[in-house]
Amino acid sequence: MSARYAGFETVSQFEVKELCERLSKPKRQHTDDDLKMTNRSAHEIFKTRSNHHIKTRFIGKKKMSTNDMQSLVNRLSNTKSERVPDSQRIHSKEDKYMKGVVASHAWNGHIKPYTKCSHENFENVLPNAFHGTVIKCQTGQSEEPRNMTRLQVVIDDFTNLTLNETFQYLPDPTFNISNEPQKSVQSGGSTFTIRGEGFNNVGNITVEKVDKPCEVPDDSLAVCKTPPHLNNETNNQTIIVHFDGLTVHIPIEYVTDPTFVRFGVLEYDKESSITIKGRNILNGARREDYSIHVGLDGSCFLPDITMQSITCYPPKAVPRTNQTDANTVYVIVNVGNIKAYIGDLQYKEDVNTLAFVVGALAAALATAIVIGLSAVLILRKKKKKAIKEFKMELMTREEMIRKASREEFADAQMNIRDIKSDLVTTRVPYSNYQNYILHQLFPNQDISNNPLLHDSEITDDRKAGIKSAIEKFEMLLSNKLFLKSLIQTLDRPNMLTMQEKAHFASVLSISLLGNMRLFFDLVQCLLVDMVRSSTKKQHKVLFRRFDSITMRLMVNWLQIGLYKHLTSRSGIHLFMLYRAVQTIIEMGPIDALTGNSKNTIAEEKLLKMRIEYQSLTLQIDLNGNSDQHYPVKVLDCDTISQVKQKCCAQIYKNKPASEIPHNDELSLEWQQGKAGKLLLNDIDNTSDRNNGLVCLNTLKHYMVQDDSKMALMYKQHDDDDVYVNSTEIRTESVTSEDITLLMPDKCGGEELETHKWHLETCSPNLSDDIKSNRETDFGEIFLNRLFHTKLLLTDYIDSTFEGLIDPQSLSISIRYFLGMLNKIGNDFKIETEVLQSWKNECYGTRVWAPLIGKPNILFDVNVPGHVEPCLDILRQVFVESFTQTAHKVNKESPPQKLLFHKDIPRYRKLIDPFFIRVEAVTDKEFWSEIDEISNTQRSELKFSRQSTIHQLYNLFIRKYKSEIVDDFEDMEESKDLQFANKLEEVIDLMEESAAGS
């Protein structure tokens with residue numbers, strides 16, 4: 001007894017007494033009804049006993065006394081909970097927290113038969129609720145969402161089971177139903193949707209008169225089927241949808257069922273589509289409602305459905321069929337509850353194509369064999385012809401290569417001549433000191449328009465204030481500590497760009513001209529601080545980096561102080577090297593447009609083709625009215641502009657380039673031409689034109705002979721002279737019988753000619769006869785020209801190198817500077833190799849390399865475009881000679897490195913002894929030299945002091961005034977000297993003057 005109730009709750013005394021009274025009653029006799037119940041089901045027995053209120057008693061041998069019953073009551077009242085077997089527990093099919101909507105919900109649990117649910121919120125047992133050990137109960141309504149924590153089940157009126165779990169009442173679902181009725185076919189089965197929220201809280205969603213429950217894809221959507229239309233009702237009906245205890249009324253408009261036209265038996269070729277015609281196909285049904293069955297297991301793909309037709313693609317394989325003909329299948333259209341038989345589809349039988357395929361393959365094979373044999377014969381014939389043509393082309397090219405190689409060898413041997421006579425000069429055209437400084441400090445700029453050469457324009461009302469500010473600022477600039485603090489502030493990372501640092505160093509150097517003592521002290525102080533603040537790892541590359549104001553000021557000081565030494569001693573070596581390069585290059589042909597030349601040491605400027613040319617000597621009459629004639633050596637492949645350049649170079653040999661007239665100002669006149677007086681031009685109406693290209697006129701074009709007389713004159717614009725190749729239309733008649741006037745063509749003059757060429761061109765429009773003389777396809781055979789040119793230059797390169805590393809020819813300022821580097825190295829215990837790299841960088845890379853690469857810095861010359869690449873290579877050779885890294889080359893190295901790979905080690909052997917043999921300079925000698933340079937600068941240089949100070953202020957002080965003043969206030973050295981206050985006075989005066997204007 002106790003075991004039966006264990007695990008649920010302790011039995012109350014009232015319940016025990018009631019039980020005892022039932023047990024103490026006499027034994028009931030079996031009735032006929034009891035006998036009849038033995039063969040009934042458990043459910044029928046449960047109903048019968050419930051109707052007759054049958055109760056049983058305890059069957060014992062004697063009646064229980066009052067004391068026995070009291071003892072049983074006491075024992076039952078004190079019974080402790082014991083574990084109940086699983087067979088006697090209530091098991092939930094759902095989670096621990098069972099859920100149900102507030103309206104009602106069906107609950108499932110495992111329990112034995114003869115069970116009744118009892119709870120204030122549960123109704124009676126549902127019909128058909130008993131399934132073995134399963135009972136289904138239905139909840140009652142709840143006024144609000146809540147959690148129920150206790151469920152009691154009563155069995156046989158005296159068995160109470162309690163489920164101590166939580167049953168959750170959730171909110172009723174909400175609905176968003178449109179007032180517009182949804183359409184359905186008369187037969188029903190059309191789908192319609194209901195939207196809302198909380199649909200997952202419902203057990204089943206059913207539609208009245210529809211067996212299949214609705215589908216719930218998500219919590220806010222239910223998809224249901226419509227019931228058939230009732231015959232006695234109107235087309236607009238309302239159907240009822242049950243959400244457990246909730247009902248929703250959905251308006252539905254019934255429309256006429258679709259009808260379809262049968263096609264009887266239709267032959268199908270397994271590829272095309274079939275069309276089913278009908279009416280009202282999409283009236284009340286959606287595209288998704290349609291499906292078409294083909295045979296027993298086939299379906300039709302529906303790409304398109306309209307109101308009048310359905311297009312579908314049956315399966316290519318024949319579906320199963322229940323008809324006698326295995327290739328004939330029926331077609332049924334399903335829409336809602338409608339299943340319409342349309343007709344039969346008869347698949348065409350596959351034709352036995354084996355014989356046809358075999359025949360076709362045989363014919364194709366025979367045709368292929370015939371075609372193949374024909375193709376082989378044709379290809380063999382073409383191959384033989386191509387091989388023959390290739391051999392002829394190869395022989396032609398081999399002959400061209402042999403001829404070119406022989407001519408190159410012969411040319412190299414015959415043209416080796418001494419050019420010293422061509423280099424004899426009585427005067428080196430040095431630039432003046434001021435232009436030299438401008439070229440050094442402001443490269444690639446027009447020095448004639450430099451703003452530092454002229455005073456700034458200042459209005460009268462601002463002159464007094466600006467003059468006072470400039471005087472105060474100039475006093476600050478004469479203080480070494482102020483300059484040092486200013487430079488270190490502007491030299492901070494991310495303060496100035498590289499261009500701004502270079503410009504600041506240049507303008508500051510201009511402001512220090514005439515005071516080279518202060519300039520040197522400032523550079524020395526900055527270098528010491530730079531070495532002190534650097535780590536040991538940074539020492540090796542310290543002078544290699546050129547991104548600081550300190551390094552630029554050091555280089556500016558070295559270059560500015562070197563001018564006197566260059567013009568008196570070392571400059572001649574640089575000039576002779578430049579003239580040698582230019583002379584040797586101009587000994588051979590040079591393309592006037594590309595700058596490529598036969599004689600060069602730069603591969604990218606090598607003329608990789610063979611040019612037939614002859615050397616000529618022209619007798620040049622200057623101004624055309626002199627008895628004196630200048631012999632000028634030219635080539636017959638030279639253009640007229642190149643001839644004029646060579647004439648000027650010979651006639652004005654000892655004069656600066658600034659005093660030599662430009663080509664555009666001169667005209668060249670052939671005075672003994674076949675047709676009379678002839679004005680020579682690069683392009684005129686006699687120029688060769690072909691496929692939109694115009695070739696520049698050369699002496700060969702005009703058929704000029706050796707020792708011809710030419711007149712070099714300034715251009716005159718008079719109408720008295722008439723030339724045979726005039727490009728202007730003249731109105732006067734020509735009476736001379738010796739002159740045949742050539743009329744200009746329609747294109748006018750030179751202005752309209754845009755595609756020009758001289759010796760070489762890459763244009764595809766060039767004619768075949770011109771292309772046939774080109775060897776650009778095997779241009780590598782002309783690489784020997786690089787070596788030949790280098791051989792001609794070797795003596796001048798060696799002479800220049802030896803002259804620049806002669807310890808006896810070093811200037812006093814350079815020698816003292818090298819001694820200063822030795823002192824810095826000793827003070828900071830710099831390694832010998834690192835100190836050597838400092839000297840190499842300062843002397844080789846920063847002082848001499850720029851002068852080798854750009855001769856126009858020191859000399860008043862116009863460097864031609866075909867000379868610059870060669871000078872740049874020589875500059876690189878000079879720099880590599882002063883480096884300590886190994887010079888490694890192989891067969892894949894550029895030709896420039898291969899040319900000098902044996903010379904660079906030879907030059908390097910001269911470097912270390914050179915620095916060792918440098919004689920020390922006393923302080924007295926050095927300061928005497930510095931004072932002399934300062935005096936020269938003050939007397940010869942014409943820079944505007946006002947513009948220099950004003951530019952320093954406007955470009956740097958005013959722009960970064962807050963950072964500069966803050967640094968001055970933080971630095972110990974500048975704080976005591978009140979640099980910040982003094983600079984603020986200058987700033988205030990400048991701003992007051994600017995505001996007053």
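Throughout, read-outs are computed from the coordinates displayed, never taken from laboratory work. Being a predicted model, the structure only gives us computed values, none of them experimental. Every residue, glycine among them, receives a Cβ derived from its backbone with ideal geometry; neighbour counts consider all protein chains shown.
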* To do: Report, by chain and number, residues whose modeled amide H sits under 5 Å from the one on Ser431, excluding near sequence neighbours (fewer than 5 apart, same chain).
  => Phe859, Asp860
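Once fully extended, how much extra length lies between Glu197 and Glu963, figured as 0.36 nm per residue of separation less the alpha-carbon to alpha-carbon distance?
Numbers: separation 766, 0.36 × 766 = 275.76 nm, distance 6.69 nm.
That pair, Glu197 and Glu963, stretches by 269.1 nm at full extension.
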* Roughly how many nanometres apart are two label points built 7 Å out from the Cα toward the Cβ at Asp795 and Ala994? -> 6.2 nm
* Asked: From the square roots a ≥ b ≥ c of the eigenvalues of the alpha-carbon gyration tensor of the range 327-398, which class results: rounded (a/c under 1.5), prolate (a/b over b/c), or oblate?
  -> oblate
* Under a plain spin-label model, where a point goes 7 Å from the Cα along Cα-to-Cβ, how far apart in nm are Ser568 and Asp446? -> 3.7 nm
* To do: Mind putting a number on the dipole of the range 206-352 about its Cα centre? Charges go on the C-beta only, +1 for Lys and Arg and -1 for Asp and Glu, and I need it in Debye to the nearest 20.
  => 340 debye
* Asked: Under a plain spin-label model, where a point goes 7 Å from the Cα along Cα-to-Cβ, how far apart in nm are Asn890 and Glu604?
  -> 2.4 nm
* Structure fact -> Going residue by residue through the range 197-208, the Karplus relation 6.51 cos²θ - 1.76 cosθ + 1.60 with θ = phi - 60° gives ³J(HN,Hα) values, rounded to whole Hz and with x marking Gly or Pro, of 9, x, 6, 6, 7, 9, x, 10, 10, 10, 10, 4
* Within the range 599-619, whose backbone N sits under 18 Å from a point 7 Å along Cα→Cβ of Arg397? -> 608-610
* Karplus couplings for the range 876-882 from phi (6.51 cos²θ - 1.76 cosθ + 1.60, θ = phi - 60°), rounded to Hz, Gly and Pro as x? -> 5, 4, 5, 5, 5, 5, 9
* Structure fact -> Interchain or sequence-distant (5+) residues whose placed amide H lies within less than 5 Å of the amide H of Asn160 are Ile155
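If I stretch the segment between Val261 and Leu977 completely, what's the gain in nm (0.36 nm per residue apart, minus their alpha carbon distance), one decimal?
That works out to 246.6 nm of additional length.
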* **Centroid-to-centroid separation of the range 584-621 and the range 540-576 [C-alpha atoms, Å]** => 34 Å
* Structure fact -> Counting only residues 5 or more apart in sequence or on a different chain, those whose built amide H sits under 5 Å from that of Arg610 are Glu775
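Taking R0 as 22 Å, what's the FRET efficiency between Ala355 and Ala317 from their Cβ-Cβ distance, rounded to 0.05?
Values: r = 24 Å, r/R0 = 1.11.
My answer for the efficiency is 0.35.
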* 3J(HN,Hα) from dihedral phi, the range 219-230, Karplus parametrisation 6.51/-1.76/1.60, rounded to Hz, x for glycine, proline -> 5, 10, 9, 10, 10, 10, 9, 7, x, x, 6, 7
